[in-house]
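Computed from the coordinates by the stated procedures, all read-outs in this text should not be read as laboratory data. The shown structure was predicted, so the numbers you read here are calculated from the model rather than taken from an experiment. Virtual Cβ from ideal backbone geometry, glycine too; neighbours counted across all protein chains shown.
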Amino acid sequence: AQKITQTQPGMFVQEKEAVTLDCTYDTSDPSYGLFWYKQPSSGEMIFLIYQGSYDQQNATEGRYSLNFQKARKSANLVISASQLGDSAMYFCAMREPASGGSYIPTFGRGTSLIVHP
Amino acid sequence: GAGVSQTPSNKVTEKGKYVELRCDPISGHTALYWYRQSLGQGPEFLIYFQGTGAADDSGLPNDRFFAVRPEGSVSTLKIQRTERGDSAVYLCASQPPGAGTGELFFGEGSRLTVL
């Protein structure tokens, strides 16, 4: 079974509008962490935002916020006031305890975001 | 800069050849990860080092793949008898010590093409 599901292969948004990128996850462990990364055409993965499973409030980092709905196992990324430079691939990832005590982040297939002027 | 450095950025080789990909992590980062990213996919975990030892190598697809980190800093991913299916971008990431969020700091990747 997929640990991380991103159902939107591509999204389009007008500059200055807000956009939501969907992510659902699957885990039976109560302790886990959720991440969003941005991958521009240069290829480097850039960390955007983190949400711990025990965090009471939704994480925010500047224009990025994470809509964390634990009961639905959903961790959608909201980008407010989109900019042309936001055009990139976006990956949702989850870190959970693995065998041997390590925490290995698992990534979804990504969503391509294109911001139109 | 002081980010994660990966070399080569591009490597074209012939089927059956041996390849080495190098990763120089951020200074002071104790954990190092290798991922493989095929076209249109997300990064797929290969191996994780904590210091010099491989703490988890469950993602290595077969025994043609091997990675080392002899001094707890630079790591080399080695692929023997390359196959066309090995073509992908190989991403390296490092992580600082301590709890924190566990965010990974990635390099720009090494694009491997096996002809």
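Brief remarks follow.
- Karplus-derived 3J(HN,Hα) values for segment B:27-33, using 6.51 cos²θ - 1.76 cosθ + 1.60 with θ = phi - 60°, are 4, x, 7, 8, 9, 9, 10 Hz; glycine and proline are entered as x.
- In this calculation the C-beta distance from A:Q56 to B:Y18 is compared with R0 = 41 Å, giving a FRET efficiency of 0.20.
- A simple packing score, the average count of other Cβ atoms within 10 Å per residue, orders the peptides B:50-56, B:22-28, A:51-57 as B:22-28, B:50-56, A:51-57, with the highest score first.
- Between B:Q41 and B:T7, the simple label model (points 7 Å from Cα in the Cβ direction) yields a spacing of 2.9 nm.
- Cα-Cα over 22 Å, subset of A:K38/B:K17; B:K17/B:K78; A:K3/B:K78: A:K38/B:K17; A:K3/B:K78
- Cβ-defined net charge surrounding B:L21, 14 Å radius [Lys, Arg +1; Asp, Glu -1]: +4
- Largest-first principal axis extents, alpha carbons of the protein assembly as shown, Å: 49, 40, 37
- Extension gain, A:S31 to A:E17: 0.36 nm times the residue separation minus the Cα-Cα distance gives 1.6 nm.
- In segment A:8-84, the GluC sites (Glu not before Pro) that fall in loop regions by DSSP, at most 14 other Cβ within 10 Å: A:E15, A:E17
- A simple count of charges around B:E83, restricted to other residues whose Cβ falls under 10 Å of its Cβ and scoring Lys, Arg +1 and Asp, Glu -1, yields +3.
- Estimated Rh, segment B:1-61: Kirkwood, alpha-carbon pairs, angstrom: 13.4 Å
- A compact globular protein would have a Cα radius of gyration near 2.2 N^0.38 Å; the ratio found for chain A is 1.04.
- The Cβ shell under 15 Å around A:E44 holds other residues with a net charge of -1, Lys and Arg each +1, Asp and Glu each -1.
- Chain B: C-alpha gyration tensor shape, a/c 1.5 cut-off, then a/b vs b/c: prolate
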